[in-house]
């Protein structure tokens, strides 16, 4: 598994970039003694890595596995024999045999002082902080036995809390300047919202021009929230409004749950990463007072049909109608962070973006129209809540154009963390809940919907349907268990080519769109998958330059590293290993489904038969399930 | 700002990027050029520079705020920076400072109403053996006394008007 984020980081000074010598001829090993333990490591390994290999704990704070080395917090200092000063273990590449001591008096005193200095700047109202009990600073203070504030402690808040963004709230009083958010935003995501302003004791993390977060170019991905060691960054929490709606008997409160939160929510209840709690969560949600619990995967299946139809129509335009400039490759539009990224940085490519809404928004408009009609409920009294692994979904549901049902399609977006909070507030022990199924009329969806949560999942789901609908063969004939392995994994950008040898008859669902598929015979469908906006940037620049990506027909983008399962609303902390465990849970759930292809979902057939009668891409689906985008640009006045 | 001025500004930046190379290491030389010519680096400039160098505006803003000789706010045509470190302090920098404040009618950190002079403190100009030292834009004056302050300011004033050489040419 390759995590191509750290290596390409251009920002860290060369001296701080951890450089390993990978050439076998140059591979030199050095012997290191750490606290009387001996280990042989390749040249360039940091003291921290070496210590972890032999099981010695060195505390860290600014260090994060996803990010480049910064070496700014100094909490990981150790004594290296023969060195006058203490060295930061995370930023010291071993080049010669050394002897390291990790807990001498000098080291302990230094760490304690560093902590005391941080606390002298940290306005910590631990009881009223959402990171209470999950705060790295709090944990360190406990670990090092901080029992008084040696250098004082702020008594009053000094900064105004920035609540301007729909998604992310910044409270600079809790910031300890570890710069993880800066490295996340600039290196990992290539968005560049946050940076350090000024020097030394005047330094502060600011946005461009110190403007409110809502006014700068932020894509709301929330990756900074997941990596902040304290509570300086958090998501905009609507739980109070959701509770109020639940408590209001005149309101019919409906929740839809996305696939990724199920794979992650267990972590909030002390379980290992990668334990899915899908059906336990259904019971818990009912117990909390939600009237209906639906599966976003139904809408994911709907998205596949709509987006897939759109792709086929674009291909038809290019191949049959000989359109000189078809908007190809088509980009997925499920990730609201990615959509906003494109609107800001590549507005000229908006025509390439699929006009299909994200599953969350599709479900919102379906609930307030189709579901309301079916059950004879006034849509005005329906409150739609979406459980998402995502902070950008909060922005998305507040987009002014997302009111196609005549009402606000989705009223509130909840993150996994916020729901875990609600469940524990209701006194429910989630892992111990009995299992129950999703509510009708949307029922349990397909495996294709579930894998939307992992990078490559949307592509895999789309391919499964396209292969069957166009080629008229079973996916299982081409890929074992219908697992399309080439699009899976965590590599930053992945490609796949699918030659279409023969085509089948046009299925009933798509009848009326085209007469036959013969025009696709002999063509090769080229697709690509990118996750994390830094990789998205690479793909977009490649398309601009006319490289390999520009030859693709369909590209899946997800704003967060790892896809939705690594989203900005998922439980904290995050790391490559945690994301991998969540992905395993998602793929295991997919494998357990009986129906694993979107077009085979009976609820989909039903909705196209009863409600969206003019079929995929028809007028009504365009009204309810499609949207348009805003070119935003990147200049701020 | 006039649209035509903006276009001109953009053209200038593009020319400087051409000169120093279009990668992130060109950032500081380009910002220095902007600072020299326009005496400040506006938010618009930061965004243009970031756009051309393919970095983020907030990174440019971080660099501008890090270095004292780069600034966001317009400053006077002549920026007078008086050294405040210990050698200059011991050789009478306070009297020089008072003379500067009296002559210009402003305090340190301020700019005269006509936009000609800005007074600032500097930390060690490397002239500890010849203190008190001060810097006028990029020219150093040593062994400054309250009497010579007057001459220095007069010298600055004489470079105004039609005979004033372009700042960029004089101090490049």
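Computed from the coordinates by the stated procedures, all read-outs in this text should not be read as laboratory data. Note that the coordinates shown come from a computational prediction; the quantities given were computed from them, not determined experimentally. Glycine gets a Cβ as well: all are built from the backbone with ideal geometry, and neighbour counts include every protein chain shown.
Quick check on segment B:78-171: take the gyration tensor over C-alpha atoms, sort the square-rooted eigenvalues as a ≥ b ≥ c, and tell me if it's rounded (a/c under 1.5), prolate or oblate. Prolate is the answer for segment B:78-171, as a/c is 1.5 or above and a/b outweighs b/c.
Separation of segment B:58-91 from segment A:318-356 is 47 Å, based on Cα centroids. Classify chain B as rounded, prolate or oblate, taking a ≥ b ≥ c as the square roots of the eigenvalues of its Cα gyration tensor: rounded when a/c is under 1.5, otherwise prolate if a/b is larger than b/c and oblate if not. Because a/c hits 1.5 or more and a/b exceeds b/c, chain B counts as prolate. With Cα atoms defining each centre, segment A:245-291 and segment A:55-95 are spaced 40 Å apart in the structure.
Per 0.36 nm of contour for each residue apart, how much would the distance between residue A:473 and residue A:440 grow if the chain were fully extended, relative to their Cα-Cα spacing? Before the final figure, lay out each step's value.
Numbers: separation 33, 0.36 × 33 = 11.88 nm, distance 3.05 nm.
Difference between extended and current length: 8.8 nm.
What the Cβ-Cβ distance of residue A:516 and residue A:495 gives, at R0 = 35 Å and to the nearest 0.05, is a FRET efficiency of 0.75.
Pop a pseudo-label 7 angstrom from the Cα along the beta-carbon direction at both residue B:24 and residue A:113 and give the gap in nm to one decimal. About 3.2 nm separates the two model spin labels. What the Cβ-Cβ distance of residue A:240 and residue A:322 gives, at R0 = 41 Å and to the nearest 0.05, is a FRET efficiency of 0.15.
Distance from the C-alpha centroid of segment A:393-471 to that of segment A:583-637: 11 Å, rounded to the whole angstrom.
Per residue of A:207-214, what is the mean number of Cβ atoms on other protein chains within 10 angstrom of that residue's Cβ? Could you put the intermediate results ahead of the total?
Details: counts 3, 11, 7, 2, 1, 0, 0, 0.
Whole-number average of other-chain Cβ neighbours for A:207-214 is 3.
Remark: mean inter-chain Cβ contacts per residue of A:186-199 equal 4, using a 10 Å Cβ-Cβ cutoff to other protein chain atoms.
Each stretch of four or more DSSP H residues adds -39500 (n - 2.57); spread over every residue of chain B, this sum gives -15000 deg cm²/dmol at 222 nm. Each peptide in B:47-53, A:316-322 gets a packing score, the mean of other Cβ atoms within 10 Å over its residues, and the list from highest to lowest is B:47-53, A:316-322. Starting from the Cα of residue B:10, move 7 Å in the Cα-to-Cβ direction to define the label point; list residues of segment A:605-637 whose amide nitrogen is under 17 Å from there. Answer for this model: A:632-637.
Find how much the distance from residue A:33 to residue A:133 grows on full extension, using 0.36 nm per residue of separation minus their present alpha carbon separation; answer in nm with one decimal. Display every interim value, and only then the final one.
Numbers: separation 100, 0.36 × 100 = 36.00 nm, distance 3.45 nm.
Here the answer is 32.5 nm.
Axis of helix A:533-544 versus longest Cα principal axis of chain A: the two differ by about 60°, to the nearest ten degrees.
Sort the following peptides by mean Cβ neighbour count (other Cβ atoms within 10 Å, averaged over residues), highest first: A:136-148, A:232-244. Intermediate results must be reported in sequence, preceding the final value.
Working: A:136-148: 15.3, A:232-244: 19.5.
Highest-to-lowest ranking by the protection proxy: A:232-244, A:136-148.
Taken residue by residue and averaged, Cβ atoms of other chains lying within 10 Å of the Cβ of B:58-68 number 6. Protection proxy ranking, highest mean first, for peptides A:460-470, A:247-257, B:76-86: A:460-470, B:76-86, A:247-257, where packing is the per-residue count of other beta-carbon atoms within 10 Å, averaged. Computed from the alpha carbon atoms alone, the convex hull of the protein assembly as shown holds 208 Å³ per residue.
Per-residue ellipticity at 222 nm for chain A, helices alone: DSSP H runs ≥ 4 residues times -39500 (n - 2.57), over residue total, nearest 500 deg cm²/dmol?
On the way: 21 runs with 190 residues, N = 637.
The helix contribution divided over chain A gives -8500 deg cm²/dmol.
Counting only alpha carbon atoms, the long axis of helix A:105-119 and the longest principal axis of chain A meet at about 50°. Here segment A:618-637 is scanned for amide nitrogen atoms under 15 Å from the site 7 Å beyond the Cα of residue A:401 along Cα-to-Cβ, giving A:622-633.
Across every direction, the projection of the convex hull enclosing the Cα atoms of segment A:158-261 has a mean area of 8.5 nm².
Residue A:613 to residue A:425: extension gain in nm, 0.36 nm per residue of separation minus the Cα-Cα distance? It would help to have the intermediate numbers written out before the result.
Values: separation 188, 0.36 × 188 = 67.68 nm, distance 4.32 nm.
Answer, rounded to one decimal: 63.4 nm.
Axis angle, to the nearest 10 degrees, between helix A:336-345 and the longest C-alpha principal axis of chain A: 80 degrees. Say a paramagnetic label sat at a point 7 Å from the Cα of residue B:69, along Cα to Cβ; which residues of segment B:113-127 have their backbone N under 16 Å from it? Of the residues in segment B:113-127, B:120-127 have backbone N under 16 Å from the label point off residue B:69. Where a ≥ b ≥ c are the square roots of the eigenvalues of the C-alpha gyration tensor, would you call segment A:499-544 rounded, which needs a/c under 1.5, or, failing that, prolate if a/b is larger than b/c, or oblate? Prolate, because a/c is 1.5 or more and a/b exceeds b/c.
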